[in-house]
1. What FRET efficiency, computed as 1/(1 + (r/R0)^6) with R0 = 22 Å and r the Cβ-Cβ distance, is obtained for Trp27 and Ile60, rounded to the nearest 0.05?
2. Here are labelled values, [x] 24, 10, 8; [y] 44, 16, 8; [z] 21, 13, 11, and one is the computed semi-axes √(5λ) of the Cα gyration tensor in Å for what I pasted. Which one?
3. Roughly how tilted is helix 2-20, in degrees to the nearest 10 and between 0 and 90, from the longest Cα axis of the chain?
4. All other residues with a Cβ under 15 Å from the Cβ of Val58 taken together, and with Lys, Arg as +1 and Asp, Glu as -1, what is their net charge?
5. How much area per residue is accessible in the chain when the probe is 1.4 Å and only protein heavy atoms are counted (Å²)?
6. Any idea what angle helix 29-45 forms with the longest principal axis of the chain, computed on alpha-carbon atoms, 0 to 90 degrees, nearest 10?
7. What is the helix-to-structure angle for 50-68, meaning the angle in degrees between its Cα long axis and the longest Cα principal axis of the chain, kept from 0 to 90 and rounded to the nearest 10?
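The values are calculated or read from the model by the stated rules, or taken from the named source; none is laboratory data. What you see is a predicted model; the values in this text were computed from it and never measured. With ideal geometry, Cβ positions are generated from the backbone for all residues, glycine too; neighbour counts draw on all protein chains shown. Ligands, DNA and RNA are excluded from the accessible area calculation, which covers all protein heavy atoms including side chains. Shrake-Rupley method; radii C 1.70, N 1.55, O 1.52, S 1.80 Å.
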Amino acid sequence: MLNLISILIGLVALVPALVAFLPLFGWLYWFILPIAVVGLGVGVLSSGNAGRNLNLVVLIVGVVRLVIGHGIF
């Protein structure tokens with residue numbers, strides 16, 4: 001059950017992450033990353049790996065995007 005919740009949280013974070021990947025929307029990752037961290041925490045507590053991995057991908061892409069855009073772009 002926790003894995004399903006983690007996947008849902010990951011999907012909630014993934015949809016705005018796709019929008020934030022466009023130029024000049026990088027600041028949106030500051031709001032997306034905390035959601036993905038919560039999903040990752042729930043995913044770690046579950047017995048499955050899918051939710052944890054989804055949130056990890058969102059986190060990695062978000063952090064790399066913030067580093068490339070210097071936290072703003």
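1. Numbers: r = 18 Å, r/R0 = 0.83.
So the FRET efficiency works out to roughly 0.75.
2. [x]
3. 10
4. Values: positive: Arg52, Arg65; negative: none.
Value of the local net charge: +2.
5. On the way: 4480 Å² over 73 residues.
I get 61 Å² per residue for the chain.
6. Helix 29-45 sits roughly 20 degrees off the main axis of the chain.
7. 10
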